[in-house]
Amino acid sequence: MIGEDKICAVVAASDAGSMLRQLMLAEKKARTIELRLDWLANDQEISLFLARLADRRHKATLLATCRRRIAGGRYRGSIAKQLVHLADAIRAGCAWYDLEIETAAICPPELIQVLLGEGRQLVSAHFFKGMPPKLPALARRLEHRKPDAIKIAARTDSLRDCQTLAKFGHGRRNTIVIPMGDIALPARILSLSEPNGFAYAPVENATASGQISLEDIYGIYRADRVSRATRIYGVIGNPIGHSLSPQQLNAAFAAREIDAIYLPFLVEDLADFVGSIAPMGIRGFSVTIPHKERIIKYLDRCDPLAERIGAVNTVAVLGAGKLYGYNTDYIGVLEALKSRVRLHGSRVLIVGAGGAARAVAFALAQAGAAVCISARRQKKAQAIANAVRGSLVHWGRLRQEFFDAIVNATPVGMYPFEDQSPLEANDLNCRLVFDTIYRPRKTKLLQLAERRGIETVSGVEMFVAQGAAQFEIWTGQPAPAGQMRRAVLDALQREERMREAK
C-alpha cells in the first residue's frame, strides 16, 4: 500500500511556511505523510512550498493531494494547473499522488502518464453526503485506468454503514476505504487492525470529519499497535467529544500492559450500537448522557443495585454476547465525598433528576444521608425522592434551606458551556459543594462556591473512582488509579493552558 505506516499524517495549511513546519512535526512520528496542496492559499504558495520541499531530504513516503473544490477539496485553479502542481510535487520527492475521480475521468490517460508517470497513482472518490449506492460498480470505475491503488471515502451515518464499508474493503488488494463523519471515529482506528487498513491523522488541521489528530492517534489511542487480538472497549453518549474517558482508560490499559483500546462512540441510535457490538468485537463499554437509563432495555442481566437505581453506566459483554449492566457512579460518589463530609445523618441536596442524580441519591441514602432532590422536572425529581425515601425541595425554596452538602448531578456547566451554572451564588447555603462535572475541573458552580468560602469537590474525584471500578469489572485486575488520575489531570491542565493562551 502507501508507505511503511498505516497511519498517514496529514499536513494542511494556508501558507508554505506553516506547511513546512507541520511536515517537520509529522516526520517525528509518521513515515507516511499526505501533503494537502489544495489547502495552500494560491498557486504561488503551492509553488513556494514545493520549491522548499525539493531542497529537503525526505524521511517519509510523501503523498501529494491537490483536490479541486468539485471533489470536496479547496483548489480553485484549472485541471491543467492542478496536474502541473502534482507533477512538481513528484519532482520534489513525492512518491504518490492522489487524483480524484472527477479529474481522472476527463483527463486523457496519455496526458496523465506524461505529466505524472514517475509517481504512483491513488485514484479516489469522496462522498460527503452519505454512502455510495453501489460499491462494486464504483470500485470498477476507479480501477478502470489501472491505478496503483484506489480510495473510497464516504460519510457514514451509522455503525452499520461503517461495517458495510469495512466489509467491502476487506481482502481487496490496493483498496483503501475511509469512513467519514463523527460516528465513524472508532471505525477509523479499528480499520488499522486489517491488512489494508489506513487512517489519516492531521498534524493540526482536520481535512475531513471524524479524523483524529496525529498526537492523539499515537498518544491516547496507541493506534499503531492495534491488531486483531486487541480487546475493544469504549464509551457511548451523545454528545461524546467532551469525554476524557479515552484518556483515562487507555492510560490504565497502558499501565497494566493490556492489549486493549478504549474508543469514544457517538451514539444517536442505541439499536444501531447494540447491533454492532458483536460485529465490532466490543468487550465492554461505559454509558453516559443520554443513554444511562435507555440502555437497560437492551441488557440481558443487570446488577441488582444498578436495577434499583434505574441507571447503568457500565456494561460488560460476557459469554455468548450477553450484556450485563452495572452502575459504578455509585462508587464514585462515595469515594469523592466520604473523606470530606460525614455522610451518615447529613442533609444533602441533589440538583438534577436524570440517571446521574439517581446514582448519587442511592449512594447517599445507603450511606445514611437525608437526601433532598431539586430539579426543573419535578415529576422525575419526586420519583427519585420516593425511591430513596428522601424529600423534594422546590426550586424556589432553595434560598430558605440549609444543607451539609449540595451535589450538582446535571450537565449544566459542562464543557463547552463553562459559563453556566445550575445554581446562583445565593442558592449555596451549605458547607460543601460537589459538582459531578469534571470538565472543566473548576466549573462555574465551584467558582461561585469558592467565592463564598464554601469547600468544593471536583467531579474528577468521582470520575476517576468510577472509571477505576469499570476497569476492574472488565479486566479483573486492580486499577492503576494513580496513572488514571494523572492522565485526566494532564488533559484538563492542557485545556486550561490553551484557554489562557487565547
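Summary table below
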item	result
Packing rank of 185-193, 22-30, 221-229, where each peptide gets the mean count of other beta carbons within 10 Å, highest leading	185-193, 22-30, 221-229
Computed E for Lys379/Ser209 - FRET, C-beta separation, R0 45 angstrom, nearest 0.05	0.75
Assigned charges on the beta-carbon of Lys, Arg, Asp, Glu; the chain dipole about Cα centre (debye)	500 debye
Amide H contacts under 5 Å for Ser124, placed H, 5+ residues apart	Leu99, Glu100, Ile101, Lys151
Built amide H within the under 5 Å cut-off of Ile373, gap 5+	Ile350, Ser391, Leu392, Val393
Enclosed volume per residue, in Å³, of the convex hull spanned by Cα atoms of the chain	153 Å³
Mean ellipticity per residue at 222 nm, deg cm²/dmol - from DSSP H runs of n ≥ 4 across the chain, formula -39500 (n - 2.57)	-11000 deg cm²/dmol
Extended-chain gain in nm, criterion 0.36 nm per residue less alpha-carbon gap, Ala229 and Phe168	19.8 nm
Centre separation in Å (Cα based) which lies between the range 142-160 and the range 448-477	44 Å
Mean-position separation - Cα centroids, the range 359-392 and the range 198-235, in angstrom	41 Å
His394 versus Lys28: modelled label distance in nm, points set 7 Å from Cα along the beta carbon direction	6.1 nm
Whole-angstrom gap from the range 53-105 to the range 313-338, using each part's C-alpha centre	50 Å
Gyration tensor (alpha-carbon) shape descriptor, the range 332-463, a/c threshold 1.5	rounded
Leading residue at positive end of dipole, the chain (Cβ point charges), from Leu142, Pro290, Ala320	Ala320
Where only C-alpha atoms are counted, convex hull volume of the range 229-327 per residue in Å³	100 Å³
Alpha carbon convex hull of the range 7-213, projected area averaged over orientations, nm²	10.3 nm²
Label-to-label distance, nm, for residues given as Ala501 and Glu401 (7 Å Cα→Cβ offset)	4.4 nm
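Coordinate-derived values only; no laboratory data. Computed from a predicted structure; not experimentally measured. Here the Cβ is made from the backbone with ideal geometry for all residues, glycine too, and neighbour counts use every protein chain on show.
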